[in-house]
Amino acid sequence: MEQTKYLVVGSSHAALEAVTAIRMHDAEGSLTLLTRDTHLPYSPTVLPYVVSGRSPADSIFLRDEKFFEANRVAYKRGSALKALHAERNTAELADGSEIAYEKILLATGAAPAIPPIPGLDQVSYHVLRTLDDATKLNAAIKQSKHAVVLGAGLVGMHAAENLVKAGASVTIVEMAKQLTDGYFDATAAQMIEKAFTDNGAKILTGSRVVKLAPSAIGALLTLENGTTLEADLLLVATGVKPNMDYLAKQGGDVEHERGILVSDTMQTNVANVWAAGDCAQAKGFYSEDKVMNAILPDATEQGRIAGMAMAGDPGLKTYPGGVPLNTYHFFGRHAISVGSSRVPDGGEVVTRYDETSGRYLKAIFKDDRLLGIYGVNEFFDGGVMCQLILRQVDLSAVKERFLADPLTVGRELMSKIWR
Amino acid sequence: MGKSYNTIAFDSNKCDGCGDCMTACATIKTGTDDKARSRIQIVGSETDGFELALCRQCGDPKCVTVCPAAALTKNFDSGVIDWDASKCVDCLLCTVGCAYAGIALDAGTGHVAKCDTCDGAPACVPACPHDALTYITTSRIYNEVGGWEDLFAPGLAGCQGCNTELLMRHTLRRVGPETVLATPPGCVPGMGSVGFNGTTGTKIPVFHPLLTNTAAMLAGVKRQYKRVGRDVTALAIAGDGGASDVGFQSLSGAAERNEQILFMVVDNEGYMNTGMQRSSCTPYGAWTSTTPIGKGSGGMPSQGKTQDAKNLPLIMVNHRCEYVATASTAYMEDLYDKLDKAIQASKRGFAYLHVYSPCTTGWRFPTDQNMEVARKAVETNFVMLWEYNPKDGLHFTHSADEPLPVTEYLKAMGRFRHLSPDQISHIQGKVVENLAFVKQMAHREN
Ligand SMILES: Cc1cc2nc3c(=O)[nH]c(=O)nc-3n(C[C@H](O)[C@H](O)[C@H](O)COP(=O)(O)OP(=O)(O)OC[C@H]3O[C@@H](n4cnc5c(N)ncnc54)[C@H](O)[C@@H]3O)c2cc1C
Ligand code: SF4
């Protein structure tokens, strides 16, 4: 049986960061990277730009074969983990072969969650998570005249914008009361909605598709209120679910809820097994509860920590907890959100909105410490804001100035506190 | 060996917030004078002091790891984090990744922008009217030298934070394998140059003369090599005790005979290897184990050394050697320049290089402060950097104008902690006097 000291499963952000971290501390230990994807490593986050055609599919790769050679990584693409046999430290692959590991990292990310709508399995639809999904969608939007996007999260909104720009008439159907729920607040969502409707998209929030059936051009959708829509292109973007089927079959001992439960060093409850990124459920920054924080920056952070822990790097600092971070570009405007949108008891919310410039800022404080900050068309350094939150910096002396100009005041604080 | 890189350094003490650097950057990068679009951002105020938000060209950069489009890469040749406009998708994730505001949105273009050091000639640096910005280019030395053979064994046994290992390794790399090395008793053999258990600590012939006869023995060795027709550099690395006290007569004799020797003195101002006794190079007022602080005797409290240091390099100038220079490891480019000249001069006659070497253990300062102490010595004129050869006379190689008060140097270490105001003014007075003296020499020799 093939043997390896480190087995890293996945080839995206969390996995690649773990490889870097392992190699920084252990230059020699045998390291195998296993991924079900057949392409070189790429980020799901770049895929909307492959769909739009802005990024050529062959220029998005994060690493090349040379990288794996230079770092002495056995890189196996196109082979998926089928079952984890943690009790005997082996991984069973899709082709039935097994690899024995000393330490394994599960960085298998997430896949689109497909809602259980009757008839969905009868029609053809798109999703967007892999490069193959993106190339298919890229070809399809050029043909589309009537497109429907299910789900107004960032994935759906990105695709909808692409479709609008490609000249299709686009309808976005979202169950929640507002767009980009969970990322941006109602005011910001309205600004986003207006940009879309100004550009001709139709937005149906608070509605639900109850039935689908094949039609002449593609699919016929029936909404809760009885109206119907016809689509020659249907994109399902109603959220994601972690890839962890390989646990169900055998490794039942690895605790998982919504994701694979991990400690502050990304270790699971089972010896020699770590998990990081979109498939992991780790401590949140704002409470001890374990949360899903399926964003790119957190995947890199968790991957780094897992790799250091696996290699026994003494420089390891434990995970401070996930802080939501999102950036979103829409029709030439940008929105940034850093931190929690929840206002705790005794919390304070400050907003300012300038109609003419379209600049919107919202900040949430508790005891003069920043909990979250959101801006539309208002640029501030997200990385600096994140440090202010993580370090719980007392802002009482500068709060007014900070709200007027978070960019400058954030930099001043940075240069004093953690330069 | 890892590569080292040039870098933009900022001295907040010199910055008055004028913003000329930002204007220069905006002009060259955006064609406007809009400071908000500059890649270098000065923040802060007169009262709080000014600080910098600028890409630090991190070695393990977070912005690169969070970029989904492979638009950012660490360029291991230049050290710069390159941004590829053709790959960037304007997602702004890098600005969320960087904790230092080193990459930010340029509202004028709608893309992110960051410092690229203007391909090695940063426009901001010369634009600063107060010398608060400098472009440090010492890296070229480390990159060049890093490729040469290290002629010392790994793992020398120096005190933590000592700069002598740096000096030894650099010097031997520079002089190269065709060298015979003499290391009289002192820190250099103490660190392992003469080796242990019958093996040497160097990859070249090394010997351990007496304190008293180093220059004489080395002169003989050199002459023998010459006699058999081999071109070998004869190098001594000696301490200040070995050179200025008991070793002085043989040193002076060899200089007078103009022997073809490169004699390097590592001046840590005392016999540090044997327990920190005073030498004739120990400065006035300094604590050593033989110039202690305490009650004293006969009603006279003891307050450190009561005599001034001997100025050995100036004495060597008066031998009219082929080459004499003072140097400091805080000024490596200067040191290298002088080492090259000294090597050349030693082919013609006697070359003498005097390197000031702060001693973490004997001078009592934290082990991470060696370069800072060495720099402060020069910035206060406690130590002056100059060189001499018979043809061009004596020249300063580092400006001695506008020095900091000597207290800036004294307070950096424990051996001067006890000084009375009188003692401090004595030392300040000596610094002024020494400067006048060297200036006079510089004048006379030219
Ligand atoms: C369209 C889109 C836009 C996004 N935009 C943003 C954004 O703007 N900002 C943001 O922060 N985040 C965004 N995200 C989310 C972000 O991409 C993810 O958080 C991040 O990619 C998670 O990285 P990961 O390494 O945990 O997992 P993934 O990127 O999901 O990678 C998982 C890897 O595991 C492999 N794998 C899966 N199952 C197996 C198996 N059984 N065996 C072997 N290999 C397996 C996959 O092939 C893949 O290589 C976006 C995601 C999408 C889809
Ligand atoms: S803005 Fe450009 S450089 Fe920055 S993370 Fe996004 S794609 Fe990369």
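Brief remarks on what is shown
- For the stretch A:249-293, a tally of residues being within 15 Å of ligand 1 (Cβ to nearest atom), touching a helix residue (DSSP H, G or I) at 6+ places or on another chain (Cβ under 7 Å) and open to solvent by less than 50 Å² (accessible area, probe 1.4 Å) returns 12.
- Of the set (1) over 25 Å from the mean Cα position of the chain (by Cα); (2) open to solvent by 10 Å² or more (accessible area, probe 1.4 Å), all apply to B:Y135 but (1).
- If you filter the stretch A:237-296 down to residues that are away from ligand 2 (no atom under 16 Å from the Cβ) and assigned to a helix (DSSP H, G or I), you find that the one that is nearest to A:K317 (Cα to Cα) is A:G277.
- Near pairs, Cβ below 7 angstrom, 6+ apart or cross-chain, from the stretch A:31-42 (within 14 Å of chain B (Cβ to nearest Cβ) and away from ligand 2 (no atom under 16 Å from the Cβ)) to any residue that is charged (D, E, K, R) and open to solvent by 30 Å² or more (accessible area, probe 1.4 Å): A:L40/A:R63; A:L40/A:D64
- Qualifying residues in the stretch B:71-88 (those that are buried (at least 21 other Cβ atoms within 10 Å of the Cβ) and within 16 Å of ligand 1 (Cβ to nearest atom)) - the one nearest to B:R140 (Cα to Cα): B:L72
- Selection from the stretch A:78-90 of residues that are out of contact with any helix residue (DSSP H, G or I) (no Cβ under 8 Å at 6 or more places or on another chain) and in a strand (DSSP E or B): A:H85, A:T90
- Top-ranked residue of the stretch B:349-396 - restricted to ones that are open to solvent by 50 Å² or more (accessible area, probe 1.4 Å) and among the polar types (S, T, N, Q), ranked as farthest from B:N311 (Cα to Cα): B:T367
- Top-ranked residue in the stretch B:101-123 [being part of a loop (DSSP other than H, G, I, E, B) and within 11 Å of chain A (Cβ to nearest Cβ); ranked as most open to solvent (accessible area, probe 1.4 Å)]: B:A107
- Flag for B:P421 being open to solvent by 40 Å² or more (accessible area, probe 1.4 Å), over 17 Å from B:T288 (Cβ atoms) and in contact (Cβ under 8 Å) with a residue 24 or more places away in the chain: no
- Answer residue from the stretch A:305-330, given it is assigned to a loop (DSSP other than H, G, I, E, B) and within 12 Å of chain B (Cβ to nearest Cβ) and is nearest to A:V262 (Cα to Cα) among those: A:V323
- Only residues that are open to solvent by less than 20 Å² (accessible area, probe 1.4 Å) and touching a Gly at 6+ places or on another chain (Cβ under 6 Å) were counted in the stretch B:165-185, giving 1.
- Subset of the stretch B:39-95 (residues that are within 16 Å of ligand 2 (Cβ to nearest atom) and at the interface with chain A (Cβ under 7 Å from one of its Cβ atoms)): B:T65, B:V66, B:P68, B:A69, B:A70, B:K87, B:V89, B:D90, B:C91, B:L92, B:L93, B:T95
- Filtering the stretch A:351-394 to residues that are of a type in the set (V, I, T) and open to solvent by less than 40 Å² (accessible area, probe 1.4 Å) leaves A:I364, A:I373, A:V376, A:V384, A:I389, A:V393.
- The set of residues from the stretch B:53-67 being over 17 Å from B:D106 (Cα atoms) and either touching a residue at least 40 places away in the same chain (Cβ under 8 Å) or surrounded by fewer than 24 Cβ atoms within 10 Å (Cβ to Cβ) (or both) comprises B:R56, B:Q57, B:C58, B:G59, B:D60, B:P61, B:K62, B:V64, B:T65.
This table checks each residue for (1) in a loop (DSSP other than H, G, I, E, B); (2) aromatic (F, W, Y); (3) touching a residue at least 40 places away in the same chain (Cβ under 8 Å).
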residue: B:D90; (1), (2), (3): yes, no, no
residue: B:V96; (1), (2), (3): no, no, no
residue: B:A99; (1), (2), (3): yes, no, no
residue: B:V125; (1), (2), (3): no, no, yes
residue: B:P129; (1), (2), (3): yes, no, yes
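- Verdict on A:G347 being away from chain B (no Cβ under 13 Å) and either crowded, with 17+ Cβ neighbours inside 10 Å or touching a Phe, Trp or Tyr at 6+ places or on another chain (Cβ under 8 Å) (or both): yes
- Only a single criterion out of (1) of a type in the set (A, V, I, L, M); (2) more than 30 Å from A:Q143 (Cα to Cα); (3) open to solvent by less than 50 Å² (accessible area, probe 1.4 Å) is not satisfied by A:V46, namely (2).
- If you go through the stretch A:49-77 and keep only what is part of a helix (DSSP H, G or I) and either within 14 Å of another protein chain (Cβ to nearest Cβ) or open to solvent by 30 Å² or more (accessible area, probe 1.4 Å) (or both), you end up with A:Y49, A:V50, A:V51, A:S52, A:A57, A:D58, A:S59, A:E65, A:K66, A:F67, A:E69, A:A70.
- Single residue of the stretch A:7-30 satisfying the filter (away from every other protein chain (no Cβ under 14 Å) and surrounded by fewer than 24 Cβ atoms within 10 Å (Cβ to Cβ)) that is nearest to ligand 1 (Cβ to nearest atom): A:S30
- Filter result for B:V43 (surrounded by 16 or more Cβ atoms within 10 Å (Cβ to Cβ), among the β-branched types (V, I, T) and within 16 Å of ligand 1 (Cβ to nearest atom)): no
- Annotation: A:V338 fulfils all but one of (1) open to solvent by 30 Å² or more (accessible area, probe 1.4 Å); (2) assigned to a strand (DSSP E or B); (3) at pLDDT 95 or above; (4) within 16 Å of ligand 1 (Cβ to nearest atom); the unmet one is (1).
- In the stretch A:302-334, residue surrounded by the fewest Cβ atoms within 10 Å (Cβ to Cβ) [restricted to those that are within 16 Å of ligand 2 (Cβ to nearest atom) and free of Cβ contacts under 8 Å to residues at least 12 places away in the same chain]: A:G332
The values are calculated or read from the model by the stated rules, or taken from the named source; none is laboratory data. Small disclaimer: the values here were computed from a predicted structure and weren't measured. Every residue, glycine as well, gets a Cβ built from its backbone with ideal geometry; the counts of neighbours run over all protein chains shown. Just the protein is used for accessible areas: all its heavy atoms, side chains included, with ligands, DNA and RNA removed. Shrake-Rupley method; radii C 1.70, N 1.55, O 1.52, S 1.80 Å.
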